[in-house]
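The block underneath contains the structure these notes are about, expressed in structure tokens.
Derivation of every value follows stated rules applied to the coordinates shown; laboratory data play no part. Just so it is clear, the model here is predicted, and its values are computed rather than measured. Backbone-built Cβ (ideal geometry, glycine too); neighbour counts: all protein chains shown.
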Amino acid sequence: MSIATLLRGNKEAKRYEDHPSYWDLRALKSDAQVKRIDDVYKVYKRIMFVSLCLTALLNIEYHEGKTIKVLKTDLWNEGIECATDVISMINNISNRKILFYGMDISHYVAAKAVNRLRYISAVQSSITHIPFRSSFFDAIFDLSTIDHVPHKYRKNIIKEYFRCLKPKGILLLIADTSNIYSRLAKTLPSKRISKLLAHSEDSLPEYPSIMRARVKEYFSIVQKGCVGLAYPVLKFLFSGRKSRVFKTLLNRIYVYKVLYSVGSSGILRKMSFLCRQYFLICRRK
């Protein structure tokens, strides 16, 4: 039986994507596929995430000789989609002493990440129950993990982040947003176009205002914004028969430099309806 058949047949996992077997199968499927990676976009995505992580780290109270403990709440980038690996780049460019901890719902993903990056400590667990003691971390990076968990569990996840962070610790939260494309995808008759415009099948996006309301109960928001400008448009243009033409024209480093410049400016706050994700940098109360 193929992995794709197992994924289609796993009704429990489809109904509740915070399930180890679902993500083990997804990871195995990703490893088995011959990927056609848009390398330049992957670099852009990696730099964008690393930039936000470094901004979050700068908000931590730091003194010479201090060791910063950081938890990354999923290891997909480090174990499977290695072109967007965040931890190794931060480890290479940061001038601060950082101890990296990781966790993932999938044992397979966690094992792959530890095998690649020997200096991280990782466990297999869900973010609904983080297996670390209270007030242990200086920073937690949730880079689009919470948006794969059903909405009813998200308040408890925020409480878990609050519990595990030290007083004045920093939380970086990136999540898929209900944007104009995801709303349009629900109304279009063409399933093919709808799939291209929508978020991934296991993502459960919501409005940023709802997430901010949850977070404000336990954290003060230091910085907020949007990321992934024009991602759905590029996804649409880089698929199908037309992809060869548009990749030649648009899959260039200067295009992503422009997108990054716009994304780093205040202009993006007024263009949130065109973005794939939003971010919150928060300080524990």
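Considering amide H positions built from the backbone, and no H for Pro or chain starts, which residues 5 or more places from L71, or on another chain, come under 5 Å of its amide H?
Here the answer is Y101, A139, I140, F141, since their amide H atoms fall under 5 Å of that of L71.
Counting Lys and Arg as +1 and Asp and Glu as -1, what is the net charge of the other residues whose Cβ lies under 11 Å from the Cβ of T73? Show your work: numbers first, answer last.
On the way: positive: K72; negative: D74, D104, D142, E160.
Every neighbour counted, the sum reads -3.
Provide the net charge surrounding F136, with neighbours chosen by a C-beta distance below 13 Å and charges set as Lys +1, Arg +1, Asp -1, Glu -1.
The answer is +3.
What pairs from K112/K285; K66/K285; K72/K168; K42/K155 go past 29 Å between their alpha carbons?
Over 29 Å apart, Cα to Cα: K112/K285; K42/K155.
Going by amide H atoms built from the backbone, whose H comes under 5 Å of the H on T177, apart from near neighbours?
Long-range HN contacts for T177: Q277, Y278.
Work through the residues other than L54 whose Cβ is under 13 Å from its Cβ and net out their charges, Lys, Arg +1 and Asp, Glu -1. Show your work: numbers first, answer last.
Numbers: positive: R46, R96; negative: none.
After counting each charged neighbour, the total is +2.
With θ set to phi - 60°, apply the Karplus curve 6.51 cos²θ - 1.76 cosθ + 1.60 along the range 78-92 and write out the HN-Hα couplings as whole Hz, x wherever there is a Gly or Pro.
7, x, 10, 8, 5, 5, 10, 4, 9, 4, 5, 5, 4, 4, 7
Could you give each residue of the range 137-152 its phi-based ³J(HN,Hα) in whole Hz, using Karplus coefficients 6.51, -1.76, 1.60 with θ = phi - 60°, and x for Gly or Pro?
Ordered by residue, 3J(HN,Hα) equals 9, 7, 8, 10, 10, 10, 9, 6, 9, 4, 7, 9, 10, x, 4, 5 Hz.
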